[in-house]
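Data first, discussion second: the structure below is written as structure tokens.
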Amino acid sequence: MTLPLFSSKAFFAPMAGVSDPALRLLCKELGAGLVVTEFTNIHAVVYKGAQLKSIKEFIEYSEEERPVAIQLFGSDLQALEKAVKIVSPHFDIIDYNMGCPAPHITEQMACSALLQEPELTRKIFRTMVKATDKPVTVKIRAGVSAPDKWREIALIAEEEGLQMITFHPRTVKQHYSGTANWSLIKELKQLVKIPVVGNGDIRTPEDAKRMLDETGCDYVMIGRAACQDPFLFTQVNDYLEKGTYREISAAERIQFFFRYLDYARNYPTIPFASIRLQAMHFTKGEVGGKVIRAKIGKVQTIDELHELLGKSMIP
Ligand SMILES: Cc1cc2nc3c(=O)[nH]c(=O)nc-3n(C[C@H](O)[C@H](O)[C@H](O)COP(=O)(O)O)c2cc1C
């Protein structure tokens, strides 16, 4: 029922279509303290749970990723209870998504739409905590149009027995534009006693340290910058421990991507289109990256992708 021990203060963010089991494993090996699945619809979990021998065929993960959290979304309380019971034996933490701003999701009274619904949110948290013996956590945004009810939501989370809050302090309206308002993370840390994970706009080891220092948060979560460069986790850990870190060359970075490709071969649920997209992220910021990305768009298999990147990026 208590949170597992985390080997690092830097967590890998859940990202739909990105934080697949292969990339999560790579991030874990490179020093992420916690990895989280992409958000998963509770109705899909219930449906697949009834169809499949094991839910692992639908939500793939490996033992080496542990501790691993599953992130759920959806507000139908009966389906939620069933879904939590189905996933509970497999995962170390059950996380709940209250951050996704996509209209086709919020229209279903899910994710960030719940930031306006404290009473329903209370029922959701209560249902989840009752349905599992695993720690339940939540990831929130600051509000819909303006930062408003997040304080109330955070206090409800604590009252209902949730064990950690991840805060991406942007509003839904902001989507991913502008900057994350880190001062709200500091406010949250002062408001609740449970651990707080700060998230938003960490791109360098210095950013990670600055967020920890400025806000007092317990952990940081890194999304976009880590899918471009998972070695960032090693650098953050080194910087926090020793005050220095090592830069890596493009050739070294691509070797990590090859490791990702090797892992991805083991997971039938990762569509090749997503693997191609990961390659696009990985080559961002590289010399000649634009030309390489145009070629990535045309390859059809992991082997072709491996060959293309080997030829283009290894001197
Ligand atoms: C492509 C993409 C997909 C995302 N999917 C999810 C998701 O499934 N669940 C979630 O809680 N947040 C999701 N997020 C938000 C990230 O977890 C994170 O909060 C956000 O990117 C800010 O952190 P960053 O600045 O380190 O990227 C997603 C973000 C991106 C860019």
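The numbers here are math on the coordinates, done by the rules we state, and not lab data. The structure displayed is predicted, hence computed values, not measured ones. Cβ sites come from the backbone with ideal geometry, for glycine too, and all protein chains shown count toward neighbours.
Considering helices alone, the calculated mean residue ellipticity of the chain at 222 nm is -13000 deg cm²/dmol, with DSSP H runs of length four and up weighted by -39500 (n - 2.57) and normalised per residue. Straight-line reach from Lys56: which lysines fall under 20 Å, measuring Cα to Cα and dropping same-chain residues less than 8 apart? In chain and number order, the partners are Lys28, Lys48, Lys82, Lys85, Lys134. Taken over the stretch 1-107, the percentage of Cα pairs per 5 Å bin, counting from 0 up to the bin with the maximum distance, is 2, 12, 23, 24, 20, 12, 5, 1.
Hull volume per residue, based on the alpha-carbon atoms of the stretch 177-315 and their convex hull, is 142 Å³. Label-to-label distance, Thr244 versus Gln190, with points set 7 angstrom from Cα along the beta-carbon direction: 3.7 nm. Ordering Pro268, Leu308, Ala294 by Cα displacement along the dipole of the stretch 250-313 toward the positive end leaves Ala294 in first place; charges were set at the Cβ atoms of Lys, Arg (+1) and Asp, Glu (-1). Taking the alpha-carbon centroid of each part, what is the distance from the stretch 250-305 to the stretch 27-91 in angstrom? Value for the Cα centre distance between the two parts: 25 Å. In summary, the lysines within cross-link reach of Lys290, defined as a Cα separation below 19 angstrom excluding same-chain residues under 8 places away, comprise Lys298, Lys311. The longest part of the chain holding none of the exposed loop trypsin sites (Lys or Arg not before Pro), meaning those outside H, G, I, E and B in DSSP with at most 16 other Cβ atoms within 10 Å, is 54-172.
So if each residue of separation counts as 0.36 nm, and I subtract the Cα-Cα distance between Leu52 and Ala16, what length gain in nm does that give? Please list the in-between numbers first.
Values: separation 36, 0.36 × 36 = 12.96 nm, distance 2.21 nm.
Stretched out fully, the Leu52 to Ala16 stretch lengthens by 10.7 nm.
Exposed loop sites here mean GluC sites (Glu not before Pro) with a DSSP loop assignment and at most 11 other beta-carbon atoms within 10 Å; the chain contains its longest site-free run at 108-246.
Reported value for the stretch 10-242: 111 Å³ per residue, from the convex hull of its C-alpha atoms. Given q = 0.11, 0.12, 0.20, 0.21 Å⁻¹, what are the Debye log10 I(q)/I(0) values for the stretch 119-206, with equal point scatterers placed on the Cα positions and solvent ignored? For the stretch 119-206, the Cα-only Debye profile gives -0.31, -0.37, -0.93, -1.00.
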